[in-house]
Amino acid sequence: MSYYLRHYFEPNFDHLAVKPKVSADGRADRHNLGYVQNVIKGQILAEFLPTDQVPDPQAEFMHTTPEFPAGPNTYVDPDHPQYLLADINGYAFYLDDKITVKNVLNVRGDVSFQTGNIFFVGNLAVHGDVRTGFEVQANDILIKGMIEGSIARAQRDLAVLGGVRGRTEGKCLLDAGRSLRLTHVENAEIRSHGRLFVEKFCLHSRLYITGDMAVQGRLYGGVCQTNGTVYVREALGNPSETPTAVELGYNPHYIRQLERCEEHLTELGQRIVHYKAVAGHLPPDANEPARRLAAARYKQKRLQQHRQQLWRNLSEDEKQATRCRVVVPGTVYPGVDISIGRTLLSITRPMQNVMFHLRDEEIVVEQLQAKHSHTSKKHA
């Protein structure tokens with residue numbers, strides 16, 4: 001008896017020869033080429049079938065015995081021995097004639113029109129740049145080149161060795177679930193649910209960091225929101241007094257969620273007014289406008305509850321705002337606004353070697369060595 005090995009991934013897949021898919025209207029998507037074959041732990045990779053059950057078997061996958069060519073990170077299902085399963089999240093391929101799953105995807109060049117966007121369930125290493133207009137997403141991401149006008153999202157840690165630079169005509173976004181490590185940043189949006197470390201400078205960017213952040217060089221322009229400590233070694237602001245906002249004391253991701261929630265509630269309110277004008281006082285299931293009105297009101301109620309929870313979260317953050325610090329061994333220039341909780345301090349003269357923190361609802365400025373202090377007044 002002979003057996004046929006049916007694959008649940010493309011066994012002859014060539015990542016160097018990916019091509020854009022063409023839609024029904026003849027348009028080619030050159031940004032999504034399917035560069036990697038994702039599989040998750042427990043997913044079926046292959047199964048053996050009797051040859052007489054396969055209408056047109058390929059000769060190269062015919063076997064005299066049902067013995068899988070099982071390679072690293074695969075296993076035979078003990079309850080269903082006709083199936084070969086993935087033992088980790090990653091991508092499936094043949095290596096030395098063995099079905100293999102690998103957790104780390106190496107892109108030996110740029111992410112560009114040759115690869116398309118890359119969405120991977122394992123860890124990703126890009127040995128070149130992520131070119132303008134492209135996106136990468138994975139668990140841990142290491143980019144050895146630059147990110148320029150592109151998007152990178154990591155479920156856990158993200159590191160960029162070649163720097164980050166945004167462009168006015170496109171969005172440049174980095175988002176990490178745990179920590180971010182960058183060489184330098186300019187004109188970008190940076191989000192981290194953990195820490196941020198910048199080896200050189202950070203200019204004209206929007207930083208939303210849940211934990212602590214450190215910039216070894218200069219930080220000026222844009223806005224920095226964090227619920228931890230901000231450390232800037234060389235300079236916060238610049239001699240040109242470029243407006244720079246440093247806002248501490250609240251989880252910036254709660255703030256972003258609250259802003260989106262308010263936008264959705266405003267939109268829903270407008271839709272509800274329209275539906276009420278059409279549906280009148282009819283029962284919720286009377287007609288389509290009445291059903292839409294009922295659905296919109298239900299969604300409005302859920303969003304209002306979510307908004308209340310976000311406000312509670314922010315109130316809890318505010319109680320802990322005294323933990324927040326801005327530490328600058330170098331110079332802080334005029335043009336910098338520092339807020340901790342609801343208290344604001346605008347810098348009007350250069351300061352060196354200082355730390356800012358909240359005490360008795362005032363921002364206290366202390367010399368890092370000599371304990372000289374200066375205070376600000378709380379907003380009305």
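Filter the stretch 125-139 for residues that are hydrophobic (A, V, I, L, M, F, W, C) and closer than 16 Å to Asn32 by Cβ; which is surrounded by the most Cβ atoms within 10 Å (Cβ to Cβ)? Before you say what the answer is, go through the steps one by one.
Taking the stretch 125-139 as the starting set, the residues that turn out to be hydrophobic (A, V, I, L, M, F, W, C) are 125-126, 130, 134, 136, 138.
Retained after the next criterion (residues that are closer than 16 Å to Asn32 by Cβ): 130, 134, 136, 138.
Details: Val130: 30, Phe134: 23, Val136: 24, Ala138: 24.
In this case the residue turns out to be Val130.
Only one residue in Arg349, Arg292, Arg297 is out of contact with any Asp or Glu (no Cβ under 8 Å at 6 or more places or on another chain) and either part of a loop (DSSP other than H, G, I, E, B) or of a type in the set (S, T, N, Q) (or both), so which one is that?
Details: Arg292 fails: either part of a loop (DSSP other than H, G, I, E, B) or of a type in the set (S, T, N, Q) (or both); Arg297 fails: either part of a loop (DSSP other than H, G, I, E, B) or of a type in the set (S, T, N, Q) (or both).
Checking each option against the conditions leaves just Arg349.
Return the residues of the stretch 237-253 that are out of contact with any Asp or Glu (no Cβ under 9 Å at 6 or more places or on another chain) and not in a loop (DSSP other than H, G, I, E, B); say none if nothing qualifies. Steps first, answer last, please.
Going through the stretch 237-253, the residues out of contact with any Asp or Glu (no Cβ under 9 Å at 6 or more places or on another chain) turn out to be 237-242, 248, 252-253.
Correct list: Leu248, Pro252, His253.
Which is of a type outside the set (S, T, N, Q), at negative phi, surrounded by fewer than 16 Cβ atoms within 10 Å (Cβ to Cβ) and in contact (Cβ under 8 Å) with a residue 40 or more places away in the chain, of Glu262, Glu288, Glu267? Quick ask: steps written out before the conclusion?
Details: Glu288 fails: in contact (Cβ under 8 Å) with a residue 40 or more places away in the chain; Glu267 fails: in contact (Cβ under 8 Å) with a residue 40 or more places away in the chain.
Checking each option against the conditions leaves just Glu262.
Does the stretch 21-71 hold any residues that are part of a helix (DSSP H, G or I), modelled with pLDDT under 80 and within 23 Å of Thr100 (Cβ to Cβ), and which are they? Let's see the steps before the verdict.
Pass one, the stretch 21-71, residues part of a helix (DSSP H, G or I): 51-53, 59-61.
If we keep only those that are modelled with pLDDT under 80 as well, we get 52, 59.
Passing the criteria: only Ala59.
Please pick out the residue among Gly194, Gly221, Gly217 that is under 17 Å from the mean Cα position of the chain (by Cα) and not polar (S, T, N, Q). Spell out how you get there, then give the answer.
Details: Gly221 fails: under 17 Å from the mean Cα position of the chain (by Cα); Gly217 fails: under 17 Å from the mean Cα position of the chain (by Cα).
Exactly one residue qualifies, and that residue is Gly194.
Would you point out which residue out of Val39, Val76 is under 26 Å from Thr115 (Cα atoms) and β-branched (Val, Ile, Thr)? Talk me through it step by step, then tell me what you get.
On the way: Val76 fails: under 26 Å from Thr115 (Cα atoms).
Answer to the selection: Val39.
Could we say that Pro329 is assigned to a loop (DSSP other than H, G, I, E, B) and within 19 Å of Arg233 (Cα to Cα) here? Show your work before the answer.
Working: assigned to a loop (DSSP other than H, G, I, E, B): no; within 19 Å of Arg233 (Cα to Cα): yes.
No, not satisfied.
Do you know which residues across the stretch 233-254 are farther than 27 Å from Gln320 by Cβ and surrounded by fewer than 19 Cβ atoms within 10 Å (Cβ to Cβ)?
Let us first name the residues in the stretch 233-254 that are farther than 27 Å from Gln320 by Cβ, namely 234-235, 238-243.
If the condition is that a residue be farther than 27 Å from Gln320 by Cβ and surrounded by fewer than 19 Cβ atoms within 10 Å (Cβ to Cβ), then Glu234, Asn238, Pro239, Ser240, Glu241, Thr242, Pro243 are the ones that fit.
Out of all the residues in the stretch 101-108, is one or more crowded, with 16+ Cβ neighbours inside 10 Å and within 30 Å of Ser205 (Cβ to Cβ)?
Taking every residue of the stretch 101-108 in turn, at least one turns out to be crowded, with 16+ Cβ neighbours inside 10 Å and within 30 Å of Ser205 (Cβ to Cβ).
Hey, any hits in the stretch 51-60 for a residue that's touching an Asp or Glu at 6+ places or on another chain (Cβ under 8 Å) and surrounded by 14 or more Cβ atoms within 10 Å (Cβ to Cβ)?
Taking the stretch 51-60 as the starting set, the residues that turn out to be touching an Asp or Glu at 6+ places or on another chain (Cβ under 8 Å) are none.
No, the conditions are met nowhere in the stretch 51-60.
The values are calculated or read from the model by the stated rules, or taken from the named source; none is laboratory data. As the structure is a prediction and not an experimental result, all values here were calculated from the model. Here the Cβ is made from the backbone with ideal geometry for all residues, glycine too, and neighbour counts use every protein chain on show.
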